[in-house]
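K.L.:
Dumping the structure here so I can ask a few things about it.
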C-alpha cells in the first residue's frame, strides 16, 4: 500500500471556504479517478497557525502503478483547478510513502 500525502498550509482568508471545497469537490474528484482505495483528510495540531492552519490529504493506493497513473493522467489538472480557484492563498508539499507494516 502507498500513501500519497499532500500537506497544505491555508491562508486564514480562505480557510472555511477551502475546507468546504475540499470536502465537497476536490477530494471526491480525486477519488473519481479510480487510482486510490480510500483517503483521509486531517488537520495538523500543535503547529504554528500564525499564517494559517495546516491540513493533510492522504490518498491510499494499492500499488505504485496506481499512484503513477494518477500522477501521469490526473494530477496536473487537479492541481491547476486548485491554483485557479485559490491562487497563492495556499502552499502544498507532496510526499509518497510506502506502508511497511
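K.L.:
Between residue 79 and residue 97, with labels modelled 7 Å along Cα→Cβ, what's the label distance in nm to one decimal, could you check?
P.N.:
With each label point 7 Å from Cα toward Cβ, the separation is 2.1 nm.
K.L.:
Against the longest alpha carbon principal axis of the chain, how many degrees, from 0 to 90 and to the nearest 10, is the axis of helix 76-86 turned?
P.N.:
That helix lies at roughly 10 degrees to the long axis.
K.L.:
Hey, what number do you get for the chain at 222 nm if only DSSP H runs of n ≥ 4 count, each worth -39500 (n - 2.57), divided across all residues, to the nearest 500? Can you show the working numbers first?
P.N.:
Working: 4 runs with 31 residues, N = 101.
Computed ellipticity for the chain at 222 nm equals -8000 deg cm²/dmol.
Bear in mind that the values in this text are calculations on the coordinates, not laboratory data. Here the structure is a predicted model, which is why all the values come from computation and not from measurement. So basically every Cβ, Gly included, is an ideal-geometry build from the backbone, and we count neighbours across all protein chains shown.
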